[in-house]
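Have a look at the structure below, then the notes.
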Amino acid sequence: MPDPVVTDLRRELEKARHTLLGAQSHLASHAEMNAALHCATTVMYSPLHAAVTATIGQIEHALARTESEPQPPVDHTDSELVRVLGDLDRCEHGRHSVDHCYGCPDGQSAGNPFLPVGQQIGYGLHGGTIVVPAPEDRRRPEAWRVKPNTATGGPR
Ligand SMILES: [Zn+2]
């Protein structure tokens, strides 16, 4: 994502550039009109025209320097994985464990019968275990992990 401050500054520079292009055109027409009026063979552009032209060049240089790189395509894999994890508490009727479900016996979703809260479902890299946390904790990755209990020698 481009920095919003840079985006704002670029927009202001574009406005200044647009205004200066108008001033440059006006000053050039004025100088050309004066040359024609005095039947001069050369047009004498004013120092202000030169300064405006130089400033337009500096603005264009700044705009070129702050042009954002083309962004890589967005990878939705992580958000899809989060959605898969979010679905793991659904009952067979597709309702979350905290929701009402007309298909489950008492009107409350029975949740995923294969993953009850507290069920160990795997091991971490360093010997910890991965367990199913309570529904309200499922968006916290640390709630899925239980560190090995080193005091008792824990799992390795
Ligand atoms: Zn259900």
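The values are calculated or read from the model by the stated rules, or taken from the named source; none is laboratory data. A quick note: this is a predicted structure, and the numbers were derived from the prediction, not measured. No Cβ is skipped: glycine too gets one built from the backbone with ideal geometry, and neighbour counts run over all protein chains shown. For the accessible areas, the whole protein counts, side chains as well, though only heavy atoms, and no ligand, DNA or RNA atoms are used. Shrake-Rupley method; radii C 1.70, N 1.55, O 1.52, S 1.80 Å.
Annotations
- For region 11-73 and region 80-111, distance of Cα centres in Å: 64
- Portion, in percent, of the accessible area of region 59-133 that falls on carbon or sulfur, probe 1.4 Å: 57
- The helix-only estimate of mean residue ellipticity at 222 nm for the chain, built from DSSP H runs of length n ≥ 4 each weighted as -39500 (n - 2.57), is -14500 deg cm²/dmol after division by the residue total.
- Kyte-Doolittle mean at least -0.5, axial Cα span of 30 Å or more - DSSP H helices of the chain: 4-37
- Using R0 = 41 Å, the C-beta based FRET efficiency linking Y102 and E12 works out to 0.10.
- Fully extended contour minus Cα-Cα distance, from A40 to T55, at 0.36 nm per residue: 2.6 nm
- DSSP-loop GluC sites (Glu not before Pro) across region 6-77, with at most 12 other Cβ within 10 angstrom: E67
- Rel. contact order, % - alpha carbon contacts under 8 angstrom, at least six apart, the chain: 12
- Averaged per residue, the chain has 77 square angstrom of accessible surface, using a 1.4 angstrom probe with ligands and nucleic acids left out.
- Longest site-free stretch - the chain; sites: chymotrypsin sites (Phe, Trp or Tyr not before Pro), DSSP loop, at most 12 other Cβ within 10 Å: 1-101
- Shown for the chain: cysteine residues without a partner Cβ closer than 4.7 Å, namely C39, C91.
- Efficiency of FRET between Q120 and V84 - r from beta-carbon atoms, R0 25 angstrom, step 0.05: 0.85
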